[in-house]
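The values are calculated or read from the model by the stated rules, or taken from the named source; none is laboratory data. Please read these numbers as outputs of a predicted model, since none were measured by experiment. Note that we place each Cβ from the backbone using ideal geometry, even for glycine, and neighbour counts take in every protein chain shown.
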Amino acid sequence: MSAYLRHPHLQKPYFYEFHHLASQIDEVFDKSICYDQYFLGPESLSPNFLAYFRLLASGAKGRAVFQECRSAGRVAWLQRNFGGTHLFLWRNPHDQWWSYRVDGYFDRANLLILNAASAPAIFVELRSKLGIAEFHDTDLERELQHFDAYCLNPEQSYRLFFALWLHAVLEARPLCSAEISIDELSASREYRTQKSVELASLGLEGLDFADCRSPVAEFTPQERQRFFSSEQAVGELFRDHGYTAESVDSALRLAHQPIRVLGQEREPPRLRELLLRRQAELAIYSGELRKLKAELERERLEVSASRNELAVQEGRLQKFQLSASWRLTAPLRALRQLVVTR
C-alpha cells in the first residue's frame, strides 16, 4: 500500500504513537471531529475537540507535533486554544489533485468536508452547484457509504478540491509562522537549507529534508486550460462571497507558480486523458444508478403503503365479520344463497 500511494515505508503502523492513549481516546473522541468540525472559527465552541487535542498533547512522549491533514479550516481555533508554532505545507494543486486519482477515498473525504455541519456559505453554495445534498448520521461509516454513491466527474472533482485548496491558502496560510512548498523542497537543495534555517529560528531543529521527493508532471496546454477554467470559476465564487480580488488573484498566481522538474516519472498525458474519460463515464453511470435507487425506493414505499392499506381493509372486514349484526343476518344470507343456486 505504501508503494501504491508513493508513501515511504513505515517501521510502525499509523497512530502507533497514540497506542498508549487508546482507552482514554475512546472516552473523548467524537466522530464530528473528523469532518463535521472541519471549519472552526477562533470563537467556536468545541469541547470534544478541545478534550481530544489536550489529551494527545499531554500524552506526547516529548514535544507534541501534530501532522493534521484536516487542520486548514481550523487553524485560528487551534491557535487560540493551544498556541504553538504552525507550519503551512502546500503543493501545486494540479499535481496534488492528480495524486488523489490513485483512490476514490480522497473524493469521498472532500465530499464529507463539503458536508460539514459548520461549512461556510461559500461551500454551502458550492454544494448546491454540485448537486450534493446534505447527509448526516451518527455513524461515520454510513456517511462514507452515502457519499461513496457519488462519483464526481473530473471537472466537479477538481472544482471541489481547488475550492478547499484556495480556502486553505486564503484562510490558513496567513496565520502560520512559516510555509513550506513541497515542490520546492523536492527540487532545490538551497530551498531545503533555507527552510532548515528558518525552522531552526522557530525552535524546530534537526529536521532532514534530503529524502523529500514529490513527483511533478508536465501538463499539456489542454490540461492546463481545463485547470484554469475551473480555477477561474472557483475564484469568482470566492469573490462573490467577500474575498478581495487582490487576495484571490494572488492565490491563483500561486497555483500556477513555475515548478522546477527533476525528471520524476509520471503518467504520460494520453494515460491521464484516458483516466479522465473513464472517470467522466463513471460519474454518468453513478448518477443514473442513484436515480434508479431513488426510483426503486419510491416504488418500495408505494408497495409498503399498499400493503399497509390492504392490512387496514382486511382488519375492517374481519372486525365486521365478527360483529353481532353480521352473525344475526347469517341465516338470511344462507337463504339468499340457496334461492340463487336454485
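Looking across region 322-340, the residues that are at pLDDT 70 or above and among the polar types (S, T, N, Q) come down to 323, 325, 329. Using the structure shown, decide if residue 159 is of a type outside the set (A, V, I, L, M, F, W, C) and surrounded by fewer than 19 Cβ atoms within 10 Å (Cβ to Cβ). Considered against the rule, which asks whether it is of a type outside the set (A, V, I, L, M, F, W, C) and surrounded by fewer than 19 Cβ atoms within 10 Å (Cβ to Cβ), residue 159 comes out as no. Looking across region 212-227 at every residue that is within 15 Å of residue 162 (Cβ to Cβ) and surrounded by fewer than 14 Cβ atoms within 10 Å (Cβ to Cβ), the one that is modelled with the lowest pLDDT is identified as 224. The set of residues in region 15-36 being of a type outside the set (Asp, Glu) and within 20 Å of the chain's Cα centre (by Cα) consists of 29, 31, 32, 33, 34, 35. Highlighted here are the helices (runs of 4 or more DSSP H) found entirely within region 29-146 that include at least 3 residues which are more than 29 Å from residue 236 (Cα to Cα): 47-59, 75-82.
Among the candidates 237, 207, single out the residue that is crowded, with 16+ Cβ neighbours inside 10 Å and either of a type in the set (A, V, I, L, M, F, W, C) or not in a helix (DSSP H, G or I) (or both).
Within the list 237, 207, the selection yields 237.
Residue check: is residue 239 in contact with a helix residue (DSSP H, G or I) (Cβ under 6 Å, 6 or more places away or on another chain), more than 20 Å from residue 174 (Cα to Cα), without any contact (Cβ under 8 Å) to a residue 60 or more places away in the chain and not hydrophobic (A, V, I, L, M, F, W, C)? Taking the combined requirement at face value, the residue does not satisfy it.
For every residue, the table says whether it meets (1) modelled with pLDDT under 90; (2) under 23 Å from residue 251 (Cβ atoms).
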residue: 75; (1), (2): no, yes
residue: 80; (1), (2): no, no
residue: 86; (1), (2): no, yes
residue: 91; (1), (2): no, yes
residue: 106; (1), (2): yes, yes
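For residue 169, the test of being among the β-branched types (Val, Ile, Thr), without any contact (Cβ under 8 Å) to a residue 40 or more places away in the chain and closer than 19 Å to residue 236 by Cα is failed. When residue 138 is tested against the conditions (1) under 30 Å from residue 85 (Cα atoms); (2) loosely packed, with under 14 Cβ neighbours inside 10 Å; (3) hydroxyl-bearing (Ser, Thr, Tyr), the lone failure is (1). Looking across region 3-62, just one residue is under 26 Å from residue 211 (Cα atoms), hydroxyl-bearing (Ser, Thr, Tyr), surrounded by fewer than 10 Cβ atoms within 10 Å (Cβ to Cβ) and without any contact (Cβ under 8 Å) to a residue 40 or more places away in the chain, and that is 14. Take region 171-197 and flag every residue that is surrounded by fewer than 20 Cβ atoms within 10 Å (Cβ to Cβ), under 21 Å from residue 84 (Cβ atoms) and of a type outside the set (Val, Ile, Thr). Residues satisfying the conditions are 171, 173, 174, 175, 176, 177, 178, 179, 196. Every condition in (1) outside any helix (DSSP H, G or I); (2) hydroxyl-bearing (Ser, Thr, Tyr); (3) more than 27 Å from residue 7 (Cβ to Cβ) is met by residue 150 except one, and the failing one is (3).
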